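Here the structure is laid out as structure tokens; the discussion comes afterwards.
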Amino acid sequence: MTSVINRFLRYVKYDTQSDGESTSTPSTSCQLVLARDLVEELKELGLKDVSLDQYGHIYATLPSNLENAVPALGFIAHLDTSPDISGRDVNPRLIENYSGGNILLNEEQNIVLNFEDFPELEQYIGKSLITTDGTTLLGADDKAGVAEIMAALEHLTSHPEIPHGKICIGFTPDEEIGRGADHFDVEGFGADLAYTVDGGPLGELEFENFNAAKAVVTIHGRNVHPGRSKGKMINSMLLASEFISLFPPQETPANTSGYEGFYHLNGILGNVEETVLLYIIRDFDRESFAKRKETMLSLIEGLNQKYGAAIFTIELTDQYKNMREKIEPFMYMVDIARQAMWDVGVTPDIEPIRGGTDGARLSYMGLPTPNFFAGGHNCHSRYEFIPTSALEKGVEVILRIIELYIKKYSGYSIDTGNKHEYN
């Protein structure tokens, strides 16, 4: 079994779920357990300036072994897993030479990775897969990225004859709850350019993402004994239902794709007295994004006029922006990553990120950071899986990107015969 597969199988057993309700940084102390072990592994590999800061960020450097200067290149992945489903006691299953059809993840609970529901399985017939046992997520988002970066470093440090510029490594906490870059030290990190290894299936390459906001809508009701409540009771749950019904059903995650934005109701807490609705708002276009937020505010205003002032309140918070405008001046980074994929036998798939990465925030902090695949499918889900070949190709792409930067700054012209026409 290769180094990257071994590392991945080991890392996913760490419980590193982040917690959006926590006010600490990192949001969960369990993330620091993996962080401390990674610090020791980085030191054992011989990296320099290895540190774990008070916020749970890991920084490390592999010094250049070149005489001529090339840009310092960063690779970043995140330690945490999504709070959407349990990440505790992950029990990965290795399925060698997948023969097709359904995969029984958990016999006792009859949890099945259904071939009809997940037809992408067909492309991995004959390959080895790592799946969950059906009771937790797997954690390929983003422990696959962590494993691939670590395996690439292991290769470089085991072969000091391989030329490379300065390589800067960053592992972040709390990416899944939008806080991964809150305290990231861009200047101290030391990279001129960087990539997050945090994408999905093999070949994904991304330089644009959603504009994002979250909305917390609170409906204030009035509880009275139901037998004597006529004209007095205000049932906040029924008003919440009315508010929810005002949004176009086609503008939800289940009914959108590509560059289409959405409103997503992802949590409800309520009783007669008070109901809280948790929304996220997403759109690629800045003007459309602004209109979505205005729509949310307008609906609140209209319902307050109908039912009385301050029955509905809202907290609307921007989370991150589309990084495209910050990447466009550095599109050669995307060209190099795409060429690296072609060179190692991976077909690039350039698509917008229907989500966000630390790279979106970092790009606005002065560090251009596009994103490429880590290799997982169905992330944040008990149906998550990753082909072992995607882990191995992730390592190859990292190493090839490093090589192509040397060639670029030695006067070598990167082949753009497969150039993508960016929209």
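The values are calculated or read from the model by the stated rules, or taken from the named source; none is laboratory data. Everything numeric in this text was worked out from a predicted model, so none of it was measured. Neighbour counts are summed over all protein chains in view; Cβ atoms, including those assigned to glycine, are modelled from backbone coordinates with ideal geometry.
Select from segment 1-53 the residues that are among the aliphatic types (A, V, I, L, M), in contact with a helix residue (DSSP H, G or I) (Cβ under 6 Å, 6 or more places away or on another chain) and touching a residue at least 12 places away in the same chain (Cβ under 8 Å) and write down the one among them that is nearest to Phe171 (Cα to Cα). It would help to see each step written out before you state the result.
To start, the set of residues in segment 1-53 that are among the aliphatic types (A, V, I, L, M) comprises 1, 4-5, 9, 12, 32-35, 38-39, 42, 45, 47, 50, 52.
Filter once more, so that each one left must be in contact with a helix residue (DSSP H, G or I) (Cβ under 6 Å, 6 or more places away or on another chain): 4-5, 12, 45, 50, 52.
Narrowing the set further to residues that are touching a residue at least 12 places away in the same chain (Cβ under 8 Å) leaves 4-5, 12, 45, 52.
Working: Val4: 16, Ile5: 19, Val12: 15, Leu45: 16, Leu52: 9 Å.
Here the residue is Leu52.
Among the residues of segment 66-84, are any farther than 28 Å from Arg400 by Cα and surrounded by fewer than 17 Cβ atoms within 10 Å (Cβ to Cβ)?
Looking through segment 66-84, at least one residue is farther than 28 Å from Arg400 by Cα and surrounded by fewer than 17 Cβ atoms within 10 Å (Cβ to Cβ).
Collect the residues in segment 358-386 that are small (Gly, Ala, Ser), part of a loop (DSSP other than H, G, I, E, B) and closer than 18 Å to Lys143 by Cβ, keeping them in residue-number order.
Scanning segment 358-386 gives Ala374, Gly375, Gly376, Ser381.
Only one residue in Ile336, Ile402, Ile406 is at pLDDT below 95, outside any loop (DSSP other than H, G, I, E, B), under 21 Å from His164 (Cβ atoms) and in contact with a Leu (Cβ under 9 Å, 6 or more places away or on another chain), so which one is that?
The unique qualifying residue is Ile406.
For segment 235-248, check the following and say yes or no: at least one residue is at pLDDT below 95 and of a type outside the set (Asp, Glu).
Checking segment 235-248: not a single residue is at pLDDT below 95 and of a type outside the set (Asp, Glu).
Residues of segment 317-340 being buried (at least 19 other Cβ atoms within 10 Å of the Cβ) and among the β-branched types (Val, Ile, Thr), which ones?
Result: Ile327, Val334, Ile336.
Looking at this structure, is Gly261 touching a residue at least 40 places away in the same chain (Cβ under 8 Å) and in contact with a strand residue (DSSP E or B) (Cβ under 7 Å, 6 or more places away or on another chain)?
In short, yes.
Which condition does Val276 not pass, out of (1) closer than 17 Å to Ala213 by Cα; (2) buried (at least 19 other Cβ atoms within 10 Å of the Cβ), if it passes all the others?
Failed condition: (2).
Show the residue pairs that are 6+ apart or on different chains and have beta-carbon atoms under 6 Å apart, the first residue being within segment 164-191 and of a type in the set (Val, Ile, Thr), the second being in a loop (DSSP other than H, G, I, E, B).
Thr172/His57; Thr172/Gly180; Ile177/Ser18; Ile177/Gly20; Val186/Met365; Val186/Gly366; Val186/Leu367
Identify, from the list Val224, Val197, the residue that is among the β-branched types (Val, Ile, Thr) and buried (at least 20 other Cβ atoms within 10 Å of the Cβ).
Exactly one of Val224, Val197 is among the β-branched types (Val, Ile, Thr) and buried (at least 20 other Cβ atoms within 10 Å of the Cβ), namely Val197.
Tell me which residues, restricted to segment 131-179, are surrounded by fewer than 23 Cβ atoms within 10 Å (Cβ to Cβ) and among the acidic types (Asp, Glu).
The answer is Asp133, Glu154, Glu161.
Only one of Gly355, Gly394 is closer than 26 Å to Thr16 by Cβ and not in a helix (DSSP H, G or I). Can you tell me which? Quick ask: steps written out before the conclusion?
Details: Gly394 fails: not in a helix (DSSP H, G or I).
Gly355 is the lone residue from the list that is closer than 26 Å to Thr16 by Cβ and not in a helix (DSSP H, G or I).
From the list Ile125, Ile85, Ile111, Ile58, which one is assigned by TED's automatic domain parsing to the domain that holds Phe189, aliphatic (A, V, I, L, M) and touching a helix residue (DSSP H, G or I) at 6+ places or on another chain (Cβ under 8 Å)?
Ile58
Sort through Thr61, Thr23 and tell me the only one that's among the hydroxyl-bearing types (Ser, Thr, Tyr) and over 24 Å from His155 (Cβ atoms). Let's see the steps before the verdict.
Numbers: Thr61 fails: over 24 Å from His155 (Cβ atoms).
Exactly one residue qualifies, and that residue is Thr23.
Only residues that are among the charged types (D, E, K, R), modelled with pLDDT of 95 or more and farther than 18 Å from Tyr14 by Cβ: list them for segment 122-170, please.
Of everything in segment 122-170, those that are among the charged types (D, E, K, R), modelled with pLDDT of 95 or more and farther than 18 Å from Tyr14 by Cβ turn out to be Glu122, Lys127, Glu154, Lys166.
Quickly run through segment 100-145 and pick out the residues that are in contact (Cβ under 8 Å) with a residue 60 or more places away in the chain and in contact with a Pro (Cβ under 9 Å, 6 or more places away or on another chain).
Selection gives Glu120, Tyr124, Lys127, Ser128, Leu129, Ile130, Thr131, Thr132, Leu138, Gly139.
Considering only segment 131-249, give the strands (runs of 3 or more DSSP E) lying wholly within it that have at least 3 residues that are touching a Ser or Thr at 6+ places or on another chain (Cβ under 8 Å). Lay out the reasoning, then the answer.
Working: elements: 167-172, 193-199, 204-206, 211-220.
The strands (runs of 3 or more DSSP E) meeting that bar are 167-172, 193-199, 211-220.
Out of all the residues in segment 144-163, which are of a type in the set (Val, Ile, Thr) and within 24 Å of the chain's Cα centre (by Cα)?
Here is the first cut: in segment 144-163, the residues of a type in the set (Val, Ile, Thr) are 146, 149, 157, 162.
Across segment 144-163, the qualifying residues are Val146, Ile149.
From Tyr14, Tyr59, which residue is aromatic (Phe, Trp, Tyr), at pLDDT 95 or above and within 25 Å of Leu399 (Cα to Cα)? Steps first, please.
On the way: Tyr14 fails: within 25 Å of Leu399 (Cα to Cα).
Only one candidate qualifies: Tyr59.
Consider Ile314 carefully, then state whether it is modelled with pLDDT of 90 or more, under 18 Å from the mean Cα position of the chain (by Cα), surrounded by fewer than 23 Cβ atoms within 10 Å (Cβ to Cβ) and among the aliphatic types (A, V, I, L, M).
When the stated conditions are applied, Ile314 does not pass them.
Across segment 54-68, what is the total count of residues that are among the acidic types (Asp, Glu) and in contact (Cβ under 8 Å) with a residue 40 or more places away in the chain?
Of the residues in that region, 0 qualify.
Whether any residue in segment 90-101 is among the polar types (S, T, N, Q), modelled with pLDDT of 95 or more and in contact with a helix residue (DSSP H, G or I) (Cβ under 8 Å, 6 or more places away or on another chain) is what I want to check.
Taking every residue of segment 90-101 in turn, none turns out to be among the polar types (S, T, N, Q), modelled with pLDDT of 95 or more and in contact with a helix residue (DSSP H, G or I) (Cβ under 8 Å, 6 or more places away or on another chain).
Select from segment 1-39 the residues that are under 17 Å from Gln54 (Cβ atoms), of a type in the set (Val, Ile, Thr) and part of a helix (DSSP H, G or I) and list them in ascending order.
Within segment 1-39, Val33, Val39 qualify.
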